[in-house]
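The values are calculated or read from the model by the stated rules, or taken from the named source; none is laboratory data. In this text, all values refer to a predicted model and were calculated from it rather than measured experimentally. Every residue, glycine among them, receives a Cβ derived from its backbone with ideal geometry; neighbour counts consider all protein chains shown. Ligands, DNA and RNA are excluded from the accessible area calculation, which covers all protein heavy atoms including side chains. Shrake-Rupley method; radii C 1.70, N 1.55, O 1.52, S 1.80 Å.
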Amino acid sequence: MVMNISDLKEHIQEAIIKPLDHKNLDKDVPYFTNVVSTTENVAIFIWDNLQKYLSPNLLYEVKVYETDKNIVVYRGE
């Protein structure tokens, strides 16, 4: 087992859901005050926040689907 799924769920809640869910990104999320809220930057935000809760090198990629054909994959590069 790589990680307990209950722990992962809690980390996702803290790192992603609480700061982003039902929010106007440009007005309600401090990170996006000076960063344009593109899908690419949302993926970076998720990566950076989730990385704080996980062991080093555990996170492989963040994938954000804007539409069925517009997908952003970020691997911390």
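Filtering Lys63, Lys69 for residues that are among the basic types (Lys, Arg), under 19 Å from Lys9 (Cβ atoms) and either touching a strand residue (DSSP E or B) at 6+ places or on another chain (Cβ under 9 Å) or open to solvent by 60 Å² or more (accessible area, probe 1.4 Å) (or both) leaves a single hit, Lys63.
Pairs linking a residue in segment 9-34 that is at pLDDT 95 or above to a residue that is part of a helix (DSSP H, G or I) and open to solvent by 80 Å² or more (accessible area, probe 1.4 Å), with Cβ atoms under 7 Å and 6 or more positions apart or on different chains, are Phe32/Asp26.
Taking Tyr65, is it in contact with a Phe, Trp or Tyr (Cβ under 7 Å, 6 or more places away or on another chain), modelled with pLDDT of 95 or more and hydroxyl-bearing (Ser, Thr, Tyr)? No; evaluated as a whole, the condition is false for this residue. Considering only residues that are open to solvent by 80 Å² or more (accessible area, probe 1.4 Å) and over 23 Å from Thr67 (Cα atoms), which ones fall in segment 32-55? Matches in segment 32-55: Thr33, Asn34, Lys52, Tyr53.
Pairing each residue of segment 51-68 that is more than 21 Å from Ser37 (Cα to Cα) with any residue that is open to solvent by 60 Å² or more (accessible area, probe 1.4 Å) and part of a loop (DSSP other than H, G, I, E, B), provided the two are 6+ apart or on different chains, yields C-beta distances under 7 Å for Tyr60/Arg75.
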